[in-house]
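Comments concern the structure below.
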Amino acid sequence: MAGTAEISGARAVSDANSHAIYRSLKDRIVGGGFPPGTRLPTERALAERYSAARNTVRKTMNRLVDEGLVVRHVGRGSFVAETSANDGAETENYKLSELLEARLLFEPRLAELAVERASEAELNGLFSHLEALRSAQSWVDFKEAKYALHLAIARASKNRFLERMFEEVVASRRKAGWARPGGHLVPLPMLRDAAVRDNAAIVEALQARKGEVARQLICEYLQRTLMSISGD
């Protein structure tokens, strides 16, 4: 019985990791973060970034290929399909302060909905996004990983309207090129370490299904972020 439980648990973790990687890559492709023709990271690089097994990454890539978002070229790698971008979609370029104020109004409550409605696999899948955030080496990867984590929380709420609202937040920031606020000279490693620490606490609270704790942590996190860019 123990062996069966271990196999079932490993399969659940693999499925959660695969879904997290899939959503992260698909969001970047559809949102223009990976423009058509872009060569995607290798399976090994993706496995390291998301702390996932190579076969989990391969399953995810196969799904993207089947959906026509990614094409493979033998000996060259995997590339974003030329017709995968969301052509013609218009997204407003809101100020970061506006988006943070809006997020403060609805995002903390998403935590409580996620605790009530998300499966164990979905909550465990948040750790893959956290690992991607921890391993981010560039400003773009840092911002993509951070927003992907919070988008995954929004999806775990099972409220499609609120999920769509957060997708608009991500699209607006991506359209702005993930621009850093003027005068924000804090080194990336310092920002990344602080973000990992704050978001790890949020993920742990969600995984433990402590909705009120997660709500308060998200609220405090967004308030600190808003204060850090005030005056820019």
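What follows draws every value from the coordinates through simple rules; no lab data is involved. Treat the numbers as computed from the prediction; the structure is a model and nothing was measured. Positions of Cβ are backbone-derived with ideal geometry, glycine not excepted, and every protein chain shown enters the neighbour counts.
Here are the numbers:
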| quantity | calculated |
| --- | --- |
| Charge dipole magnitude, Cβ of K and R +1, D and E -1 - the chain, Cα centre, debye nearest 20 | 480 |
| Mean Cβ neighbour count within 10 Å, used as a protection proxy, ranking 146-154, 106-114 highest first | 146-154, 106-114 |
| Computed E for E98/E204 - FRET, C-beta separation, R0 30 angstrom, nearest 0.05 | 0.50 |
| Fully extended contour minus Cα-Cα distance, from L105 to E212, at 0.36 nm per residue | 37.0 nm |
| Shape category assigned to segment 18-145 from the gyration tensor of Cα positions, a/c cut at 1.5 | oblate |
| Estimated translational D of segment 9-80 in µm²/s (Stokes, Kirkwood radius over Cα pairs; 37 °C; 0.692 mPa s) | 268 |
| Order by protection proxy (mean Cβ within 10 Å, highest first), peptides 127-137, 94-104 | 127-137, 94-104 |
| Kyte-Doolittle mean at least -1.0, axial Cα span of 15 Å or more - DSSP H helices of the chain | 2-30, 96-117, 120-134, 139-156, 160-175, 188-207, 211-229 |
| Entry for Rg and Dmax of the Cα atoms in Å (calculated from the structure that is shown) out of (i) 23.5, 83; (ii) 20.1, 63; (iii) 17.7, 60 | (iii) |
| Cα-based shape type of segment 96-229, given that a ≥ b ≥ c are square roots of the gyration tensor eigenvalues and the cut on a/c is 1.5 | prolate |
| Ordering of 189-202, 62-75 by burial proxy (mean other Cβ atoms within 10 Å per residue, highest first) | 189-202, 62-75 |
| When each of K59/K210; K158/K210; K59/K158; K26/K146; K95/K158 is checked by Cα-Cα distance, pairs over 21 Å | K59/K210; K59/K158; K95/K158 |
